[in-house]
Structures are given as C-alpha cells and as structure tokens.
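Enquirer: Quick one: the structure is below, questions incoming.
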Amino acid sequence: MKCYNSIARMKMSTTKDKSTNSIIRTRFAPSPTGFLHIGGLRTALYSYALAKHNVGDFILRIEDTDQKRQVEGATEALKIVLEKFGLSWDEYFVQSERQASGIYKSAAEKLVESGHAFYCNCDPKNAKEQGYSNQLRDPCRDKNNSKGAIKLKVVDGESISFFDFVHAKEIEWETDTVYDATLLKSDGFPTYHLAVVVDDLDMDITHVLRGHDWLPSTPIHLLVYKFLGENVPKIGHLTDILSSETGKKLSKRRDSVFVEDFIKLGYLPEALLNFVMLLGWAPKDNQELYSLEEFVKVFDKDGFQDANPVFNADKLDWFNCQYIKELSIEEVVKQIKFQNIDFEKAEKDVQVEIAKLVQERIHTFSEFNALAGFFFNEPKVDTSLFGENYKKHLSVAKEVIEKLDKWDLDELNTALMERIKKHEFKVGDFFMTLRIAITGSKSTPPINESMIILEKEKTLERLKKVS
C-alpha cells in the first residue's frame, strides 16, 4: 500500500494570488459525523481524479469545527475507508487544529476592519427548536459592537455570480436575498461559511467539487472570497444521486447509503468505486469497467452530466460480479471466510473447491450463505418444491451412488447419465430433484460437483432423509 504524506501546514496569510498557480489542487473536506455517504465517496473520487489527471494535488481536510456533531473515531474510520479505495491524499489538515492557530479569527477580524463584517451580541438561536428566521439583515450590523460573534455584512442591491463547471452554466443571485451569515461564533470557532473559504484560500485550492445541497450557501462564500480580496476557485456542484425505488434523493433514513455497509455486504471496493465513477460522469465511449488508474487517465471534467443519476442496485451487483470473476481463488477464499465461520474452519482444499464453484455465480460475498451454506448446514427440505417422479429420481440416485467404488466427478456423471437414459428421465427434472434434496434450494452451484465436495456418505444421508 502506498504511503500517505500527512502535512500539517498552517499559514496565517490569505493574500496569495491564485491566478499564478498553475497546479490543480482539489480537496475532499468531510465532517467526522459518522460513516462515509456514497455521495461523499463520489465527491472524493471526482476531486482525486481531477487533480491526478492534471498531475496536481489532492488534499484531505477534516472539517470538525462543529464540535457537537463529532463522532468519536469517525476521522480514523474515514481515512481507512479512503485508503481501501486507493484515494491517497498528498496533504492532510484538521480544522480544529488550525483553529488553535488563530487563522479563522484573524480572517474574521480582517473582515470587520474592512467593513464587511460586524460583531453581534444577540443570543444564538436553535433553528431546530425556534425555526429558521426570515430576517436577512441582523439588527446588530450597524451598532458598532466591539465583541461577540462575527457576522457577514451583506450589501444590498448588488448581484453575485459564478460559473458552475459541473453544470457548465452561470448562476447568479441578488444580494438582497443573501442573509448576514455567522462567520465566527462567540466561542472562537468558525462556522462552515468562514472556515471553508479561509482554508480553500490558504491551501491554494483551485477547483472545488461539492454536493448540490451546498449551492444555496455559495453566494455567502463568494462574498467572503471577494471581501478577503482573493480570486475565487472554480466551483462545481455535483448532481443529486436518486433512489431507484422512490425517485428521490438518496436518504440515510430511507436508503442504503453508507460505504462501510456496502463493504460489509461483500461488495469489493474496486467494484463499488467503478459503479460510483459513472454516477454523474460519462466517458466519451461506452466503456464501463475502469480501474482507478484507468479512470484518472481518461477523466475529463467535460464528462460531468447535468441530469441526476439513479442508484441502480442491480447495476452495482453487475459490477461486483465482474470484479469477483477476476479475483484469484486465494482472494475469493479470503472474502468468503469473512462471511461464514464454518467455511473458515474447513480444510484448505475444500475451501478452494467451494470457492471455485461460487466465484462466477455470486454478485456479492454476502450471498454465499444463501447459495452455498448447505455445505456446512444440512437444510430443511420443503417437499413441495419437488416435481413429478421425484421419488423414482431419488431411488435411482441412491442406488447409483451406493454402487460407486470411486468417488469421482467423471464416474458420478457417467453413472447418473446412464441411468437417466435407461429410465428415460428428463435430465433437468432429475438433477433438480437431486439439487433440492441435497441443498434445499433450486438455486445452487452445480449439483454433481457439490456432491463430490460433500462426499459420498453425507450425500447419501441427505438423499435417504427425503426419500
């Protein structure tokens, strides 16, 4: 695994001219409030690809200034997940560590001094309990207070705009619709509106990719960029990912959205990443399968799509199936061990034989127990699943197997086929009877190969129990 360079770089100055910076620098800036959302993985991936395609820098920045929402261990878990997907960062920052240096307070005070911000002594409101205020202009903006929280002083009667490079269009707001947002709280911690701008400027970020839900905050950020006297990085808002079931934006309350959960379900990181690549971006040809390295090579920001993509679980299964087929048998064995403790205890040669049978038949490794759990746990057989002549099928099968001197796949195949022809059984019906009797299911790996793995004695035991 590639080593990651964690650089704790803190600069007080915010007066650089980014127009002279020819290096593409992007960032992924999550908050450590829980598991990584599938949309967050997409943002990280696109930001990484944009930087690396242009031989630039990808920065990981932990935005943890909202101390009340932090989840213990979330930052380390996030870093581990990104490493699993190969999204290595060139520089690493933690906002709470930077806050201690005074960088945000300095920027906020600079805005006050220039007349673009003001101190507010009003009691803070809890929006969840008291509702959101419709008042855009804060009553403290003209009081010349000398302490308190610091808020943005928005000038009325102007317009502000930017070119969204994801949607390839200019978006504009009238400042009369932009509220006096809090920039620095009275406890000295910055809000997102201040910290994100100060950090992007200080870190020389040239391109910002973020979720569409941040679009309403963009005019606030554009004003802060402007008032700090800096060039604005190029900004793009990624489309919403829609649920295939509801047609609505993916919701953590309603849908499966967390990356860690998909991995636990047996989805391979490479497959999940490949699936996410095409949720809002399209190649110039019809290619679907990309390694991370291949994706970075062909990535083009003009490939962003304007329409909201749909999270199609069947398509994700297809991707995972393709990647499972390409795994070494040793890796397949390793993955199955995570799913079944009995498999983990089995002899190595048995593990390998079972893995070979299921490798091309499962979409995720979590399907293993349903598909092949019968190897370790005798199933309850529902006799209603059997078709006509099932008792004759079972009687013949028992007779053939009992007479076999050599427990070998070729011998078993030959002997059974000879008796099928002799009794004029339908081949499909006969083997379906065996499948149900041995496994309890109509959907399993090849039944003769499965019986060889189960061995003769256990196979006969199961056949006798349902005869």
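Derivation of every value follows stated rules applied to the coordinates shown; laboratory data play no part. In this text the structure is predicted, and so the values were computed from the model without any measurement. All Cβ positions, glycine included, derive from the backbone under ideal geometry; neighbour counts span all protein chains shown.
Enquirer: On C-alpha positions alone, give me the angle between the axis of helix 427-439 and the longest principal axis of the chain, in degrees, nearest 10.
Expert: 70 degrees
Enquirer: Compute the angle between helix 409-423 and the longest alpha-carbon principal axis of the chain, please, reported from 0 to 90 degrees and rounded to the nearest 10.
Expert: The answer is roughly 60 degrees.
Enquirer: How high is the relative contact order of the chain? Use alpha-carbon pairs under 8 Å, at least six apart in sequence, and give a whole percent. Can you show the working numbers first?
Expert: On the way: 702 pairs, mean separation 62.0, N = 467.
Answer for the chain is 13 percent.
Enquirer: Could I ask something else about it? What is the mean projected area of the alpha carbon convex hull for the stretch 248-380, to one decimal in square nanometres? Before the final figure, lay out each step's value.
Expert: On the way: hull surface 40.6 nm².
Mean projected area of the Cα convex hull: 10.2 nm².
Enquirer: Continuing with the same structure: Could you size up the charge dipole of the stretch 327-368 around its Cα centre, putting +1 on the beta carbon of Lys and Arg and -1 on that of Asp and Glu, and report it in debye to the nearest 20? Walk me through the numbers before you get to the answer.
Expert: Values: 6 positive and 9 negative charges, 13 e Å.
That gives a dipole near 60 debye.
Enquirer: Tell me the relative contact order for the stretch 327-368 as a rounded percent, counting alpha carbon contacts under 8 Å between residues six or more apart. Display every interim value, and only then the final one.
Expert: Numbers: 26 pairs, mean separation 18.9, N = 42.
Computed value for the stretch 327-368: 45 percent relative contact order.
Enquirer: What's the percent breakdown of Cα-Cα distances in the stretch 383-465 across 10 Å bins, shortest bin first?
Expert: Calculated over all Cα pairs of the stretch 383-465, the distribution is 18, 59, 22, 0 percent.
Enquirer: Using +1 on the beta carbon of Lys and Arg, -1 on that of Asp and Glu, and nothing else charged, what's the dipole of the stretch 179-261 about the Cα centre, debye to 20? Working shown, then result.
Expert: Numbers: 9 positive and 13 negative charges, 70 e Å.
Rounded to the nearest 20 debye, it is 340 debye.
Enquirer: Let me ask something else about it. When the distances between all Cα atoms of the stretch 303-437 are binned every 5 Å from zero, what whole-number percent does each bin get?
Expert: 2, 8, 15, 13, 14, 15, 13, 9, 4, 2, 2, 1, 1, 0
Enquirer: What does the highest-first list of 379-387, 22-30 look like by mean Cβ count within 10 Å? It would help to have the intermediate numbers written out before the result.
Expert: Details: 379-387: 12.3, 22-30: 20.3.
Taking the mean over residues of other Cβ atoms within 10 Å, the ranking is 22-30, 379-387.
Enquirer: Roughly how tilted is helix 218-227, in degrees to the nearest 10 and between 0 and 90, from the longest Cα axis of the chain?
Expert: Value to nearest ten degrees: 40.
Enquirer: Next question. Only Lys, Arg, Asp and Glu count, each charged at its Cβ (+1, +1, -1, -1), so figure out the dipole size of the stretch 351-393 about its Cα centre, rounded to 20 debye.
Expert: Working: 5 positive and 6 negative charges, 28 e Å.
Charge dipole of the stretch 351-393: 140 debye, to the nearest 20.
Enquirer: In vacuum, with every alpha carbon of the chain counted as one equal point scatterer, what does the Debye formula give for log10 I(q)/I(0) at q = 0.06 Å⁻¹? Two decimals, please.
Expert: So the normalised log intensities work out to -0.41.
Enquirer: Ok, one more. Could you name the lysines in cross-link range of LYS264, using Cα to Cα under 24 Å and dropping any fewer than eight places away on the same chain?
Expert: Hits, sequence-local ones excluded: LYS2, LYS79, LYS84, LYS249, LYS252, LYS315, LYS325, LYS334, LYS337, LYS345, LYS348, LYS356.
Enquirer: Cβ under 10 Å from SER441's Cβ, SER441 left aside: what net charge do those residues give with Lys, Arg +1 and Asp, Glu -1? Numbers along the way, then the final one.
Expert: Numbers: positive: ARG435, LYS442; negative: ASP382.
Here the charged neighbours net out to +1.
Enquirer: Divide by every residue of the chain the summed helix terms, -39500 (n - 2.57) for each DSSP H run of at least 4, and state the resulting mean residue ellipticity at 222 nm, rounded to the nearest 500 deg cm²/dmol. Intermediate results must be reported in sequence, preceding the final value.
Expert: On the way: 20 runs with 193 residues, N = 467.
Result for the chain: -12000 deg cm²/dmol, rounded to the nearest 500.
Enquirer: Right, next: So what is the relative contact order of the stretch 383-465, in percent, for Cα pairs below 8 Å that sit 6 or more residues apart?
Expert: Details: 57 pairs, mean separation 31.6, N = 83.
Computed over the stretch 383-465, the figure is 38 percent.
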